[in-house]
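A quick write-up on the structure given underneath.
The values are calculated or read from the model by the stated rules, or taken from the named source; none is laboratory data. This one's a predicted model, so the numbers in the text were calculated from it and none came from an experiment. Cβ: placed from backbone, ideal geometry, glycine included. Neighbour counts: every protein chain shown. Accessible surface is based on the protein model in full, side chains and every heavy atom, while ligands, DNA and RNA are left aside. Shrake-Rupley method; radii C 1.70, N 1.55, O 1.52, S 1.80 Å.
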Amino acid sequence: MSLEKEEYIKVRQAMQEGARTIPDIEQMTDIVIGDNDHARKIEEVLENACRCGKVSYDTVVDAVKNGCDTLEKVEEATGAGTHCGRCHKLLERIIADNK
């Protein structure tokens, strides 16, 4: 089972603002972590940069560290952002944070 849509959106928006951990999510949103299962579901979202392409956050970070310094280069190298495009702001954040 996954997060409810409203919580998923809040987590993704917080990620676009730099959230990377459960404490970040708690600080940056009104989400209250109920139990370990709830925390695990949020961690799964935090680990994912592009849901459609099933591309992890760490894969995008690695691509940036290996020279992908634009959205287009990240898309080409990882496939992230090439489906629906909803992750573009997050990808741009990852690029900015890891250049």
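Quick rundown of the values:
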| item | result |
| --- | --- |
| Hits in the range 1-26 (condition: β-branched (Val, Ile, Thr) and open to solvent by less than 50 Å² (accessible area, probe 1.4 Å)) | VAL11, ILE22, ILE25 |
| Elements of type helices (runs of 4 or more DSSP H) in the range 27-93, at least 1 residues being among the basic types (Lys, Arg), open to solvent by 80 Å² or more (accessible area, probe 1.4 Å) and at pLDDT below 95 | none |
| The range 23-38 residues that are within 16 Å of SER2 (Cα to Cα), paired with ones that are of a type in the set (Asp, Glu) and modelled with pLDDT of 95 or more (beta carbon under 8 Å, 6 or more apart) | ILE31/GLU7; VAL32/GLU26; ILE33/GLU26 |
